[in-house]
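The values are calculated or read from the model by the stated rules, or taken from the named source; none is laboratory data. Fair warning: this is a prediction, and the values are worked out from it, not measured in the lab. Here the Cβ is made from the backbone with ideal geometry for all residues, glycine too, and neighbour counts use every protein chain on show.
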């Protein structure tokens, strides 16, 4: 496996100065986006399949162990505050459970039966998309989970940093990112982990864009759950509608802190109930809703 090879460029890293260490790490990290670039068609195919399932009220479920599992947990946990989705929509399963988020759980990644059980316990069906994350491509927990999900009719995606994973026999899309040997041999939290984070960013973000969670390049489904996010929501409303901060905040509160409803309400001069109805009829897509209200109010 390429991720287990020795990196000739760093074979004397233990004798380097601090600046030399970080410089060689930086040079190796520069290779990661180029490796991801080579698999963009596979990433796009995976996104389209995921979006199909999410539109059917299905779920995106990440499965991983160790660093890969933690990255899945991170990406899933960021979706509700960023895109205003139910926490059930994007989930993460990590070998060893919640304890493994903060510390290593010995042999959890080798537990084949637990991988299968996690999928069964989540009630995975043909409406769901399950994405396995494993640098080696051979982690038993992840592979058994993917195989079980495949048998239940779910869309299955593999993110790996090696070729010819056994999981390729039962996944719909294999995203194989060749990041090569690590600065420290076998330490896949480095380049491999960075590449996985980049791909997960794309899977969740592009899926949410295609679900109407973004207008232009603005996160209009943000949940204003703290002062910073309330200020961001007000700024979003003022930027799109041109009203003052005071009016934006007032309308935001009238619309139950829903940014999109507040925008439609202002642009169409509508009640919160009317703006909510138009958004629902537009499938939640703000652009379509604004086209409707502007068409009704050409002035």
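Tabulated data
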| read-out | value |
| --- | --- |
| Subset of the stretch 7-23 [surrounded by 11 or more Cβ atoms within 10 Å (Cβ to Cβ), more than 29 Å from the chain's Cα centre (by Cα) and either within 19 Å of residue 192 (Cα to Cα) or in contact (Cβ under 8 Å) with a residue 24 or more places away in the chain (or both)] | 7, 9, 10, 13, 21, 23 |
| Wholly within the stretch 1-102, helices (runs of 4 or more DSSP H) carrying at least 3 residues that are within 25 Å of residue 218 (Cα to Cα) and touching a helix residue (DSSP H, G or I) at 6+ places or on another chain (Cβ under 7 Å) | 40-55, 66-83 |
| Flag if residue 119 is at pLDDT 95 or above, closer than 13 Å to residue 207 by Cα and either in a loop (DSSP other than H, G, I, E, B) or touching a helix residue (DSSP H, G or I) at 6+ places or on another chain (Cβ under 6 Å) (or both) | no |
| Leading residue by the ranking (surrounded by the most Cβ atoms within 10 Å (Cβ to Cβ)) among those in the stretch 128-153 that are part of a loop (DSSP other than H, G, I, E, B) and in contact with a helix residue (DSSP H, G or I) (Cβ under 8 Å, 6 or more places away or on another chain) | 135 |
| Which numbered condition residue 179 fails, given (1) in a helix (DSSP H, G or I); (2) buried (at least 23 other Cβ atoms within 10 Å of the Cβ) | (1) |
| Out of 113, 109, sole residue that is farther than 18 Å from residue 158 by Cβ and modelled with pLDDT under 95 | 113 |
| Yes/no for residue 253 being under 18 Å from residue 81 (Cα atoms), without any contact (Cβ under 8 Å) to a residue 40 or more places away in the chain and surrounded by fewer than 16 Cβ atoms within 10 Å (Cβ to Cβ) | yes |
| Some residue of the stretch 96-110 being crowded, with 18+ Cβ neighbours inside 10 Å, touching a residue at least 60 places away in the same chain (Cβ under 8 Å) and assigned by TED's automatic domain parsing to the domain that holds residue 193 | no |
| Test result for residue 264, farther than 19 Å from residue 78 by Cβ and either in contact with a helix residue (DSSP H, G or I) (Cβ under 6 Å, 6 or more places away or on another chain) or in a helix (DSSP H, G or I) (or both) | yes |
| Count of the stretch 156-172 residues which are surrounded by fewer than 23 Cβ atoms within 10 Å (Cβ to Cβ) and in contact with a helix residue (DSSP H, G or I) (Cβ under 7 Å, 6 or more places away or on another chain) | 4 |
| Selection from the stretch 49-73 of residues that are surrounded by 14 or more Cβ atoms within 10 Å (Cβ to Cβ) and either at positive phi or without any contact (Cβ under 8 Å) to a residue 12 or more places away in the chain (or both) | 66 |
| Single unsatisfied condition, residue 243 versus (1) touching a residue at least 24 places away in the same chain (Cβ under 8 Å); (2) not in a helix (DSSP H, G or I) | (1) |
| Residue 11, sole failed condition from (1) at pLDDT 95 or above; (2) more than 19 Å from residue 146 (Cβ to Cβ) | (1) |
